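Colleague: After the structure tokens below, expect a handful of questions from me.
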């Protein structure tokens, strides 16, 4: 979901924007610790990359990390999407029966 949120926010999203996108899209709170752990794990797997940028005068001019999804991340998203589509095939009848 984090990779999808980055793509939704654009290729230049900072952590706060990504977390807000997740909370709005999933309609639930995202714990900071779990969120940053996930960002670090996705970076280790080379599914995302980031650049540090100093933005405006706020926060004493501290740099923010801006994230983008790597080609490996896009490939992994496609594999996940394909797997979900395979799992959903044939379930329309099940949903209609309920």
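Colleague: Is it possible to state the helix-based mean residue ellipticity at 222 nm for the chain, with each DSSP H run of 4+ residues giving -39500 (n - 2.57), the sum divided by total residues, to the nearest 500 deg cm²/dmol? What is it?
Modeller: One gets -18000 deg cm²/dmol as the mean residue ellipticity at 222 nm.
Colleague: If you don't mind, another one. Working out 0.36 nm times the residue gap between residue 65 and residue 12, then minus their Cα-Cα distance, what length gain in nm do you get to one decimal?
Modeller: That works out to 18.2 nm of additional length.
Colleague: How far, in nm, would the chain grow between residue 78 and residue 26 when pulled straight, counting 0.36 nm per residue and subtracting the alpha carbon separation?
Modeller: Taking 0.36 nm per residue and subtracting the Cα distance, the gain is 16.7 nm.
Colleague: When the chain is fully extended, how far beyond the present Cα-Cα distance does residue 46 get from residue 94, taking 0.36 nm per residue of separation?
Modeller: In short, 13.5 nm is gained.
FYI, it's all coordinate maths here, none of it is from the lab. From a predicted model like this one, the values you see are computed outputs, not experimental measurements.
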